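Colleague: Take a look at this one; I'll ask things after.
Values quoted throughout were computed directly from the atomic coordinates according to the rules given, and no laboratory measurement underlies them. From a predicted model like this one, the values you see are computed outputs, not experimental measurements. Virtual Cβ from ideal backbone geometry, glycine too; neighbours counted across all protein chains shown.
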Amino acid sequence: MSIRCRTIMLRVWVCLCFFMTWVNGQELAFRHYGTKDGLPSAEVYDILQDRQGFMWFATDMGVARFDGYTFEVFTTDNGLPDNTVFKMYLDSHNRIWFGCYNQRLCYFENEAFHAYPYNQLLLDAIHNKSLLLVDLLVDDQDAVHVGVKARGYFKISKDGVMVKEVTTLPEVMGYCVQTEKGMLSTGFDNADIEKTIKYVSCLLISANRFNYQHCVRVMNDAKLYSEPVKSVISGDTVCLVSHVRKLMRCTEKGCIEVAGNYQVLDMGMDHRRNIWMSTIDSGVYRMKSPYQPGVWDHWLDGESITGVTMDVQGGMWFATVANGVYYLPDEVMHARRFETSGKSKGRLIASDQQHMYVVGEQGDVEVLNENGDIQRSMQISLSKSMHIRYLAGDTACRKLFCWGHGNACYIQNFKIRYLAYFPHITDLLCWHDTVTAVGPGGIIHLVDDSIYRFGFQQKEVPAITSMAMATDRSMLLGSLEGLYGLVDNTPYFIGGDDERLHARIVKMQTDRNGITWMATKGAGLLGYRDSVIYHYDVSNGLCSNLLTDVKVDQGGDIWVSSFSGVNRIRPEGKPEVLYLSNANGLVSNTVLGLATIKNKIWILSEQGLNWFDADELLPDTLNAPIVFRGLKVNGASKPCRSGLELNPEENSIEITFAALDFRQAGVVRYRYRINGEQDSWSYTSQNTIHYERLPSGKYTFEVSAQNQSGVWSPSSPFQLSISPYFYDTLWFRLLLILVLAGSVGWYVYSRFRRLAWKNSIRNDLTQFQMQALSAQMNPHFIFNSLSSIQHFVMQHDERASNRYISRFARLMRLILDNSQKTMIPLESELEALEIYLELESMRFNQGFDYAIHVDPSVKPTDVRVPSLFLQPYVENAIWHGLMPKTEKGKLSIKIYKVNKVVYCEIEDNGVGRHASVKTNREKRPGHTSHGTVLSEKRLHLLNRTTRNSFSCEFIDLLNEQGNPAGTKVVLTFSEIN
């Protein structure tokens, strides 16, 4: 065998070993749901979306309600007449109707199934239990329309009256009826209908004619379609009619057959006006307007599709006889999958704006056109130690460069040219047929396959990862430590103090506005132009801050990839961030790279390749409704209804909710909060929130969902209240306050009563003490007075004795009257004092003169003083001051007031206190004067028991020579009226 033959065989073997293999060519991004996901059966007959947003599936094992997370199954145990359900219908009252195998109907309302009250009437009319219900409709008057195979059309009014019945006639292939509410098809092979039915509009299909009465509007669940679109033939309204194994395109002028040999079970229209036809054993077909014969798009071959439905988000649902349900989020996403057992998978992707290149590490290359068709496969010869690590396509040079840790090459016009001794680089650009590359060692220019190196002037430069050209044709370099500029082959750091520009830069590209966009590992997406920084991260919509690539499409949109999916950013105007993931049809969320051809976006992931037209990718403008799916209290399920009242001990709450966003396949970003516990939003991708030990009170739990465009839905509230313990209730607290207040009041009242009682006892005791003191003073005075009377009797002075006794009796009477009271008028005190002075003057043979002077400012009738208040001090002045004196004495009593303080001055010109004490000791040794002591005790008691302040001051008077000249006593007290 020649060397040439061996070389050819070796290359063939290499291609067989390392060539990338794909699964089933290109496909749409269908998502599949089966019994493993919760469907009760793989045999599905009908699909419906209710007005809340739930998807309903009719199967031979009951019906299932889907919220994007779980399937909730209903059977005869829940109220269905039969577990096999063929048809469903949503009426104007939001009731979901079910037509079952046993020809009975029911409807679902307020979370419960209700039997149709006229089921027996319908059974009697059909009169054949083996016939199947093929269509069901309920109009605005609550009349039920039923189509029965091989039996006809029935209408039952709200009151249970059979209004119209159409039975089978020969040589008629089938018909459809449009009521006021919508289309209804009987779907049997032999039927006819009158042309002049007032309450319906009809299309009659017979064996040899098509009778067109008037056009009807398209309904998603109809077998007949008409839409006011322009016809390529006459411009009239077009109707598509399927019957037997033919599909006809009809106008008022007649019908033409556009497809044959298809047994169409259902048809549905999407938001782009494409018609989707489900068939038996042939999958689903898509026919684009104007619905002409030709090659149609075809998917799910081999499947028997029983139903086609479009949801409110524009997603298409397909029911199958034996394989569950398929869901297509958007028909613009195309995909190719790698075989999991392949020797090599695509790791790099790039384009030259004519072709797309997918390159594996082992050098295998797939070349695809802009429609995703594989045009050719190529193999780059590599040394054993070389792997393709970098790939760059250039639109100016029309070249695709591949390089790694070794030799490099480029592909141009499907020819591979190898570059010897190519240095290690990390990125390149092409400008005017000159390739400029950058690597750790500096700048490299490739001109006519000749290599020119220009080393960096600065030695300490971080590892360069990417490069881009600014609007002024200057070079920007991305590195492991941030953004650098390049002037005269000298890098300089641009980041400054802004920490964002210190992040590791992975890829760079400059848009038409001169903004250089940088995909970073850790800081999200950064844009830089003229020292202005633009920043996007997870806080404003990115799915990850760890990016793998960035590309700018021809429309100016920015596309970034990560290991969590892809984001599209529209920076102009109000920034808009769109998120794409495997929920939207990506083969995998682990995205390795991005590329563009014209306005098509190509996404390379670990499991395969996706591509789509960016102009056809409609934004997610709908806010998916949020429904509350479950409530657990202390681990036990509770009715999930807002406004629930719970007991105090029921304070561990778990709330389950769901955004009915089927595009995101249950991977929805939520924000939530609950009043009283958290005022700011918390973010999560879970649809269950748990609160532990909530205090009593009224709570409003709010949750909002983010759609793929990054727009948050209005918050949905869920209210509940936790009753307080009895000791936390208002009435208990008020009662407790009242009890405490009453107890405190009773205690204070009792305390005051006890204090008042003690004070009363103390006052009484004081009064008794004062009375006792007065009683002691009175005998003292009486003793002295009796001594005076004795003196007069001994002197045989009867007149003086009688006068003295008379005045003494008057004085005793006054003292007796005054002693009954604690306080007496000053007038009474002065009257008794004047009689006392008169008696003492008589006793001493007029041995002293006395005078009582009351200042006009003092009103004796108004001022009150204790009884016998002044008498003890006057008595002391007479007995101890004036009596020892040999000459005639003088006694002066003055009463005046200063600032509401009453002064009483008792002044004598006697011998003085010191001489009096000396004389008393000589004459009566051992004698104690009780008058002064009693007076001091009395003043002390008065100060304790009254609000007044009594004081007494003794002043010794002296003459000019300094000898004693008498005594002055000053009594003061506040005026008491």
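Colleague: As a footprinting exposure proxy, order His690, His424, His355 by other Cβ within 10 Å, with the fewest listed first.
Modeller: His690, His424, His355
Colleague: For the range 666-756, what's the relative contact order in percent, using C-alpha pairs closer than 8 Å and at least 6 residues apart?
Modeller: Across the range 666-756, relative contact order equals 22 percent.
Colleague: Filter the trypsin sites (Lys or Arg not before Pro) in the range 31-74 to those in DSSP coil with at most 16 other Cβ atoms within 10 Å of their Cβ, and list the result.
Modeller: Arg51
Colleague: Amide H of Leu646 versus every other amide H placed in the peptide plane: which residues, excluding those fewer than 5 positions away on the same chain, fall under 5 Å?
Modeller: For Leu646, whose amide H was placed from the backbone, the distant partners under 5 Å are Ser721, Ile722, Ser723.
Colleague: I would also like to ask the following. Give me, ordered by chain and number, the residues 5 or more places off Leu105 or on other chains with an amide H under 5 Å from its own placed amide H.
Modeller: The list, which skips near neighbours in sequence, is Tyr116.
Colleague: Sticking with this one: At q = 0.11, 0.17, 0.20 Å⁻¹, work out log10 I(q)/I(0) for the range 74-141 with the Debye formula, treating every Cα as an identical point scatterer and leaving solvent out; two decimals please.
Modeller: Normalising to I(0) and taking log10 leaves -0.24, -0.57, -0.80.
Colleague: Averaging over all projection directions, find the projected area of the Cα convex hull of the range 626-724 and quote it in nm² with one decimal place.
Modeller: About 6.0 nm², averaged over all directions.
Colleague: Quick one: which residues, 5 or more positions from Glu361 or on another chain, have an amide H under 5 Å from its amide H? H modelled 1.01 Å from N in the peptide plane, none for Pro or chain starts.
Modeller: Amide H neighbours of Glu361: Lys345, Arg347.
Colleague: Could you please rank Phe86, Phe318, Phe628, placing first whichever residue has the fewest other Cβ atoms within 10 Å of its Cβ?
Modeller: So the residues, fewest neighbours to most, are Phe628, Phe86, Phe318.
Colleague: Let me ask something additional. Enumerate the calculated ³J(HN,Hα) couplings along the range 681-688 in order (Karplus 6.51 cos²θ - 1.76 cosθ + 1.60, θ = phi - 60°), each rounded to whole Hz, writing x wherever the residue is Gly or Pro.
Modeller: Residue by residue, the range 681-688 yields 6, 10, 10, 7, 10, 8, 10, 10 Hz.
Colleague: Only loop residues by DSSP count here, and only those with at most 10 other Cβ atoms within 10 Å; note down the trypsin sites (Lys or Arg not before Pro) in the range 686-759 that meet that.
Modeller: Arg693
Colleague: Structure shown: which of Lys551/Lys598; Lys149/Lys288; Lys859/Lys937; Lys507/Lys574; Lys87/Lys149; Lys859/Lys897 lie over 19 Å apart, alpha-carbon to alpha-carbon?
Modeller: Lys149/Lys288; Lys859/Lys937; Lys507/Lys574
Colleague: Give me the percent of Cα-Cα pairs in the range 712-762 that sit more than 14 Å apart, rounded to a whole number.
Modeller: I get 71 percent for the Cα pairs in the range 712-762 exceeding 14 Å.
Colleague: I need the calculated FRET efficiency for the pair Lys288 and Asn647, taking r as the beta carbon distance and R₀ as 60 Å, to the nearest 0.05.
Modeller: Using R0 = 60 Å, I get an efficiency of 0.45.
Colleague: How large is ³J(HN,Hα) for each residue in the range 74-87, as worked out from phi by the Karplus curve 6.51 cos²θ - 1.76 cosθ + 1.60 (θ = phi - 60°), to whole Hz, x for Gly and Pro?
Modeller: Running phi through 6.51 cos²θ - 1.76 cosθ + 1.60 with θ = phi - 60° gives 10, 10, 4, 5, 9, x, 5, x, 8, 6, 8, 10, 9, 10 Hz.
Colleague: Using the number of other C-beta atoms within 10 angstrom as an exposure proxy, rank Ser466, Ser682, Ser841 with the fewest first.
Modeller: Ser682, Ser841, Ser466
Colleague: Would you mind getting the Kirkwood hydrodynamic radius of the range 495-592 from its Cα pairs, rounded to one decimal in Å?
Modeller: One decimal place: 13.4 Å for the Kirkwood radius.
Colleague: Identify the trypsin sites (Lys or Arg not before Pro) of the range 495-555 meeting these criteria: DSSP loop state and at most 13 other C-beta atoms within 10 Å of the C-beta.
Modeller: Within the range 495-555, the qualifying trypsin sites (Lys or Arg not before Pro) (loop, at most 13 other Cβ atoms within 10 Å) are Arg512.
Colleague: From the backbone phi of the range 52-64, what are the Karplus-calculated ³J(HN,Hα) couplings (6.51 cos²θ - 1.76 cosθ + 1.60, θ = phi - 60°) in whole Hz, Gly and Pro given as x?
Modeller: Karplus-based 3J(HN,Hα) across the range 52-64 equals 6, x, 5, 9, 10, 10, 8, 10, 7, 10, x, 10, 10 Hz.
Colleague: A further question follows. Taking a cut-off of 12 Å between Cα atoms, list the aspartates and glutamates near Lys885, but don't count ones fewer than 8 places away on the same chain.
Modeller: Here the aspartates and glutamates satisfying the reach criterion relative to Lys885 are Asp908.
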